[in-house]
Amino acid sequence: MNPKAAIILLALGATLGQPKDGRPENSVPLPPEAARVARQFLFAFSRNDREAISSMLPKRIENLYGPCPFAGMPTLTKPRADTRAGAIDFQGPTKDAGLPGKGTVILRLVTENGVRAWRVRQIFWYEKLPRGAKLPDRSPTAADRQQEPKLRQAAADFLRAWVAQDYDRMEELTFNWWEVPRRPPKWVTMKDAHLTAQATTLEGLRIDFVAKLSVARLLPKNVGGNLWLVEEDGEWRVRPLTFSFFF
């Protein structure tokens, strides 16, 4: 499968969710306004409504990117690139009981002021990737393999800045996917979402969800994941980088 299509499948949650890894968690009351924002965000994401998504993100940079979910700098392995898409796996302890200790960083190759550079697009956490999640497993060409050191460096710089809470540096290293227009998907429709709030050490509020999708108007599909909300100026807002589907 083309890696670009694979990223779309991942982003739309085309595999069954596995949000639990056996560690005990404590549910907490879910404020009605937080539930409304979370549900609105998920529906907007399922429609690729980037304008609506952008309106629900934090305004202040420390709320947009922080705090860091990692307890320390994770280990990076297996970089792979395919034209403009890149991925590299990570493993390391997290600060939140609901996040597994490993996952994948997805990157995008962009051109800025005439210079090509890798930027972090999204981070996915999971215990085990099922066979249905078609992440690229290698760099297919010699040109792609030559990009692997740059891809690794970009991911390492981003994660190092996150651990150091250097949010201005993170802003420089991020591909803001929520600012890029995309057409609504023709084959996936979100029908509903079940939300549960969990205690978290990452400030704000962590919401686990199970989204009920309809694929090609015929096939039901449930996907799970979580998102973090933070209160800013009396309103709940969603952090885009720690928004994650589990696989």
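Quick notes on this one:
- Flag for ARG36 being of a type in the set (Lys, Arg), farther than 27 Å from LEU173 by Cβ and either modelled with pLDDT under 95 or touching a helix residue (DSSP H, G or I) at 6+ places or on another chain (Cβ under 9 Å) (or both): no
- Among residues of segment 28-64, those that are outside any helix (DSSP H, G or I) and at negative phi, counted: 11
- Taking first residues from segment 65-85 that are in a loop (DSSP other than H, G, I, E, B) and partners that are of a type in the set (Val, Ile, Thr), the Cβ contacts under 8 Å between residues at least 6 apart in sequence or on separate chains come to CYS68/VAL163; PRO69/THR94; PRO69/THR242; ALA71/THR94; GLY72/VAL163; MET73/VAL163; ARG84/VAL110.
- Tally of residues being out of contact with any strand residue (DSSP E or B) (no Cβ under 9 Å at 6 or more places or on another chain), modelled with pLDDT of 95 or more and more than 29 Å from LYS95 (Cβ to Cβ) across segment 125-166: 1
- A single member of ASN26, ASN48 is farther than 19 Å from GLY224 by Cβ and either β-branched (Val, Ile, Thr) or at pLDDT below 95 (or both), and it is ASN48.
- Residues being in a strand (DSSP E or B) and either within 19 Å of GLY103 (Cα to Cα) or among the basic types (Lys, Arg) (or both) - total across segment 208-232: 10
- The listed residue being surrounded by 13 or more Cβ atoms within 10 Å (Cβ to Cβ) and over 25 Å from SER55 (Cβ atoms), out of ALA193, ALA199, ALA216, ALA211: ALA199
- Looking at ARG152, ARG138, ARG145, just one residue is under 23 Å from GLU172 (Cβ atoms), out of contact with any Gly (no Cβ under 7 Å at 6 or more places or on another chain) and either basic (Lys, Arg) or surrounded by 14 or more Cβ atoms within 10 Å (Cβ to Cβ) (or both), and that residue is ARG152.
- Residue in segment 155-190 that is surrounded by the fewest Cβ atoms within 10 Å (Cβ to Cβ), counting only those that are acidic (Asp, Glu) and without any contact (Cβ under 8 Å) to a residue 40 or more places away in the chain: GLU172
The values are calculated or read from the model by the stated rules, or taken from the named source; none is laboratory data. Remember, it's a predicted structure, so these values are computed and weren't measured experimentally. In this analysis, Cβ positions are derived from the backbone assuming ideal geometry, glycine residues included, and neighbour counts consider all displayed protein chains.
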